1. Enumerate the calculated ³J(HN,Hα) couplings along the range 24-32 in order (Karplus 6.51 cos²θ - 1.76 cosθ + 1.60, θ = phi - 60°), each rounded to whole Hz, writing x wherever the residue is Gly or Pro.
2. For the range 9-118, which chymotrypsin sites (Phe, Trp or Tyr not before Pro) are both in a DSSP coil and crowded by at most 16 other Cβ atoms within 10 Å?
3. Any idea of V62's accessible area? Nearest 10 Å², probe 1.4 Å.
4. In the range 12-92, which GluC sites (Glu not before Pro) fall in coil by DSSP and have 10 or fewer other Cβ atoms within 10 Å?
5. Go from 0 up to the bin containing the longest alpha carbon distance in the range 61-110, width 5 Å each, and give me the % of pairs per bin.
6. Hey, what do the phi angles of the range 85-98 turn into as Karplus ³J(HN,Hα) couplings, whole Hz, using 6.51/-1.76/1.60 and θ = phi - 60°, x for Gly and Pro?
7. In the range 50-109, what trypsin sites (Lys or Arg not before Pro) fall in a loop by DSSP, with at most 12 other Cβ atoms inside 10 Å?
8. Just subtract the alpha-carbon distance of Q37 and A18 from 0.36 nm times their residue separation and send over the number in nm, one decimal.
Amino acid sequence: MKAFTSICFLFVSLSAEASTFDLVVAGKRCSEGQSKQLECNYGVGHDLWVTISGIGQKDGAVTFMKSDENGDYYAAFGLMHECVIVKPGKKTEEFLDFAFISPRTGKVFSAWQECQGE
């Protein structure tokens, strides 16, 4: 867990220049476990860490390891489009935009319409 936390902090300096989408893509790390299931971790800023286990599987799961609305970034799950929504938190000085993560594919999108059904 310490290694992933330090990865998250590497991308904090990008936030002034990059969109939320860019930050989520930069903080994405995927690996295949012993059970041959794909797991992706998404780290953005100091305050967001989301794990999607079993990507593409019926028994896959989204786990919000760390998410703080009062921090720099946080996440929620959209029931309509069934995607993880990454949002700037209260510590982010300017509103950038949202990013959307598909738990079915692990891909990151800049619009919910692209994420929906993916």
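1. Each residue's phi maps through the Karplus curve to give 5, 4, 5, x, 8, 9, 10, 8, 9 Hz.
2. Values: sites: F9, F11, F21, Y42, W49, F64, Y73, Y74, F77, F95, F98, F100, F109, W112; in loops: F11, F95, F98.
Here the chymotrypsin sites (Phe, Trp or Tyr not before Pro) that fit, given the DSSP loop and packing criteria, are F95.
3. 50 Å²
4. Values: sites: E17, E32, E39, E69, E82; in loops: E17, E69, E82.
Those satisfying the criteria are E17.
5. 5, 21, 29, 25, 15, 5, 0
6. 9, 9, 10, x, x, 5, 7, 7, 5, 10, 6, 8, 4, 9
7. Numbers: sites: K58, K66, K90, K91, R104, K107; in loops: K58, K90, K91, R104, K107.
Sites meeting the loop and neighbour criteria: K58, K90.
8. Values: separation 19, 0.36 × 19 = 6.84 nm, distance 3.07 nm.
Separation in residues times 0.36 nm, less the Cα-Cα distance, equals 3.8 nm.
The values are calculated or read from the model by the stated rules, or taken from the named source; none is laboratory data. Just so it is clear, the model here is predicted, and its values are computed rather than measured. All Cβ positions, glycine included, derive from the backbone under ideal geometry; neighbour counts span all protein chains shown. Heavy atoms of the whole protein, side chains included, go into the accessibility calculation; ligands, DNA and RNA do not. Shrake-Rupley method; radii C 1.70, N 1.55, O 1.52, S 1.80 Å.
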